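Have a look at the structure below before the remarks.
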Amino acid sequence: MPTVSEFGQNSLSRRQALWVVIVALVAGLMLSIGVVLRDYWQTRQSIEKSAHQILDSVEAGAVQAAYTLDKDLAGDILAGLLKFDGVGEAHLTSEHGQLLAVRVRQAPERPAWETSFFGDHLVFSINLVHTEPQQATTQNVGKLEIVVNGGDAARAYFQRVGTEALMGLLRTGMLAWLMLWISQRLVTGPLRDVARSLESNIDTASGNVKMLAMPATHERDEIGILVVRINKLLSDVAQHVQEREANIAALARANAELTRLGEVMAHHFQEPARRLTSFAQRLLSQSSAITDPDSRQSLYFIDTQAKRLSELVRDAQRYLALDHAKVGTTSSANSGAVLRHCIAVASEKPADAEIVLMEPLPTVRLAEKFLRELFTILLDNALRYRDSHRPLRIEVSATIQADRAVFRFADNGSGIAPEYREQVLGLFTRLVPNTIPGTGMGLALAYKMISLAGGHFQIEDGIEGGTGIVFDLPLEVTT
């Protein structure tokens, strides 16, 4: 698991800084665009307003010149208009369209894009109206018109745009720094401190856990809640670690007791069973001297039950020994060769039995000893519980699924009802009377071997109502 310092480009701080810069740039850009657009419309309105103010300032003199048709006065008025910035032409006409005066000023050389931005020929005009105070009448006496070149306004506008761009960059930088500082102060920094404290407070080797200290000023916010929840989790982890250590110690004691029990069964339990069998057989060998039928039956019963006791102790010992055996080792065995050997040495195999192997059978990662024991148990069950009304048929096949071999061992015997298929995998479980040989440990041993090898074991329908055993084993590792 990476530590806080190993996240690099994926760290929350780096991603936060990147997004803060992006957001600040977008916000600053949108703000600057808004300022520039507002300035554009204000400049256009200012040009129009200034033009009308200029016209209004000379309206009275222009009315007098138009009413009296005084061309000299008209020329002086127009010359005065040309003194205003941006005014390039001025025209004064009478009511009948007579041009009383015109004045033109040569505009300075400017780039075409600058003069055309707001327009280089903006025309503004007013109608000149003369009022007779005594008669309270009005008369339209002419028209005053000026032509404004927007180049000066455009140059000033672009100067302001440049200034706004510089100010926008400065504003964006300050905004990004402020957002980053606030977010690191309130979120990223406390989270980083919590993560580092978490790393230093957990000793993965020993399992020791220390509670996190509450960050200052975060007792009542989400960071504080997070620390409280983490401390609760750490407390639960520490408790689970203690419980796990106690369970491990209890399991170690139980395993030691089971090992001791296996040793006791191997020596102390097995020995009385052997002696019972030995003495019963000695007495049976002298059966000619025993004429009482009840005594002979009792001796036979003692011999049979002693043998059964010996088999039960032997199978229980085998079951316990599996816990200490390395079933899931890296050694491999050819399942086809092992199965053919088990068939060859199988006892009580009827002459009409048909055993079909769907070759080839794969090489699996299981010690040959355990694979031979597994096949022997399955063969023994199929032979022992065959249907007496039809010839025995056994089919063994294997399919490859990913890195595992799935075996199916099916027969046409008496079968196992679905409601008992889980039960028969338990210890000493039998569905037939004790008069039929067996200890009820065969399928339990097979199930445990497959489980220890990391596989699955299940019972399903076989051939014509018989039994089907399905299990999987890891395939041989090839380099």
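Kindly indicate whether residue 423 is polar (S, T, N, Q), surrounded by fewer than 16 Cβ atoms within 10 Å (Cβ to Cβ) and closer than 17 Å to residue 399 by Cβ.
no
Which members of region 220-242 meet the condition of being within 19 Å of residue 195 (Cβ to Cβ) and not in a helix (DSSP H, G or I)?
221 - this is the single residue of region 220-242 that is within 19 Å of residue 195 (Cβ to Cβ) and not in a helix (DSSP H, G or I).
Among the residues of region 51-58, is there at least one that is part of a helix (DSSP H, G or I), at pLDDT below 85 and among the aliphatic types (A, V, I, L, M)? If you could, list the steps in order and put the result at the bottom.
If we filter region 51-58 for residues that are part of a helix (DSSP H, G or I), which is where we start, we get 51-57.
If we keep only those that are at pLDDT below 85 as well, we get none.
No, every residue in region 51-58 fails to be part of a helix (DSSP H, G or I), at pLDDT below 85 and among the aliphatic types (A, V, I, L, M).
Residues being under 17 Å from residue 54 (Cα atoms) and open to solvent by less than 80 Å² (accessible area, probe 1.4 Å): count how many of those fall in region 82-128.
The total comes to 15.
Of everything in region 115-138, what is under 20 Å from residue 74 (Cα atoms) and either in contact with a helix residue (DSSP H, G or I) (Cβ under 8 Å, 6 or more places away or on another chain) or in contact (Cβ under 8 Å) with a residue 24 or more places away in the chain (or both)? Give them in sequence order. Please lay out each step first, then the result.
Going through region 115-138, the residues under 20 Å from residue 74 (Cα atoms) turn out to be 123-131.
Within region 115-138, 123, 124, 125, 126, 128, 129, 130 meet the criteria.
Pull up region 279-298, narrow it to residues that are among the charged types (D, E, K, R) and either part of a helix (DSSP H, G or I) or open to solvent by 80 Å² or more (accessible area, probe 1.4 Å) (or both), then point me to the one that is modelled with the lowest pLDDT.
296
Somewhere in region 73-89, is a residue assigned to a loop (DSSP other than H, G, I, E, B), of a type in the set (Asp, Glu), within 25 Å of residue 142 (Cβ to Cβ) and touching a Gly at 6+ places or on another chain (Cβ under 9 Å)?
Within region 73-89, the first condition is being assigned to a loop (DSSP other than H, G, I, E, B), and the residues that meet it are 82-86.
Narrowing the set further to residues that are of a type in the set (Asp, Glu) leaves 85.
Keeping just the survivors that are within 25 Å of residue 142 (Cβ to Cβ) gives none.
No, region 73-89 contains no residue that is assigned to a loop (DSSP other than H, G, I, E, B), of a type in the set (Asp, Glu), within 25 Å of residue 142 (Cβ to Cβ) and touching a Gly at 6+ places or on another chain (Cβ under 9 Å).
Determine which member of the set 324, 341 is open to solvent by 70 Å² or more (accessible area, probe 1.4 Å), in contact (Cβ under 8 Å) with a residue 60 or more places away in the chain and not aliphatic (A, V, I, L, M).
Unique residue meeting the criteria: 324.
Under 8 Å between Cβ atoms, at least 6 apart or on separate chains: pull out the pairs that start in region 454-466 with a residue that is aromatic (Phe, Trp, Tyr) and end on any residue that is in a strand (DSSP E or B) and surrounded by 13 or more Cβ atoms within 10 Å (Cβ to Cβ).
Filtered contacts from region 454-466: 457/469; 457/470; 457/471.
Mind telling me which of the residues 403, 380 ends up being closer than 30 Å to residue 272 by Cα, surrounded by fewer than 19 Cβ atoms within 10 Å (Cβ to Cβ), in contact (Cβ under 8 Å) with a residue 60 or more places away in the chain and out of contact with any Phe, Trp or Tyr (no Cβ under 7 Å at 6 or more places or on another chain)?
On the way: 403 fails: closer than 30 Å to residue 272 by Cα.
Sole residue among the options that is closer than 30 Å to residue 272 by Cα, surrounded by fewer than 19 Cβ atoms within 10 Å (Cβ to Cβ), in contact (Cβ under 8 Å) with a residue 60 or more places away in the chain and out of contact with any Phe, Trp or Tyr (no Cβ under 7 Å at 6 or more places or on another chain): 380.
Name the single residue, out of those in region 454-479 being of a type in the set (S, T, N, Q) and in a loop (DSSP other than H, G, I, E, B), that is nearest to residue 317 (Cα to Cα).
Within region 454-479, the subset of a type in the set (S, T, N, Q) is 458, 467, 478-479.
This time we only want the ones that are in a loop (DSSP other than H, G, I, E, B), so: 478-479.
Details: 478: 35, 479: 37 Å.
Restricting to residues being of a type in the set (S, T, N, Q) and in a loop (DSSP other than H, G, I, E, B), the top hit is 478.
For region 147-166, does any single residue satisfy the condition of being of a type in the set (S, T, N, Q), closer than 30 Å to residue 84 by Cβ, in contact with a helix residue (DSSP H, G or I) (Cβ under 9 Å, 6 or more places away or on another chain) and crowded, with 17+ Cβ neighbours inside 10 Å?
Scanning region 147-166 turns up at least one residue that is of a type in the set (S, T, N, Q), closer than 30 Å to residue 84 by Cβ, in contact with a helix residue (DSSP H, G or I) (Cβ under 9 Å, 6 or more places away or on another chain) and crowded, with 17+ Cβ neighbours inside 10 Å.
Among what's in region 431-453 and is without any contact (Cβ under 8 Å) to a residue 40 or more places away in the chain and either surrounded by 14 or more Cβ atoms within 10 Å (Cβ to Cβ) or of a type in the set (S, T, N, Q) (or both), pick the residue that is farthest from residue 312 (Cα to Cα).
Here the residue is 451.
I'd like the full set of residues that are open to solvent by 30 Å² or more (accessible area, probe 1.4 Å), under 21 Å from residue 236 (Cα atoms) and of a type in the set (Val, Ile, Thr), limited to region 170-224.
202, 204, 209
The values are calculated or read from the model by the stated rules, or taken from the named source; none is laboratory data. These numbers were taken from a predicted model, which means no experiment stands behind them. Note: ideal-geometry Cβ built from the backbone for every residue, glycine included; neighbour counts use all protein chains shown. To get the accessible areas, we keep the full protein, side chains included, count just its heavy atoms, and leave off ligands, DNA and RNA. Shrake-Rupley method; radii C 1.70, N 1.55, O 1.52, S 1.80 Å.
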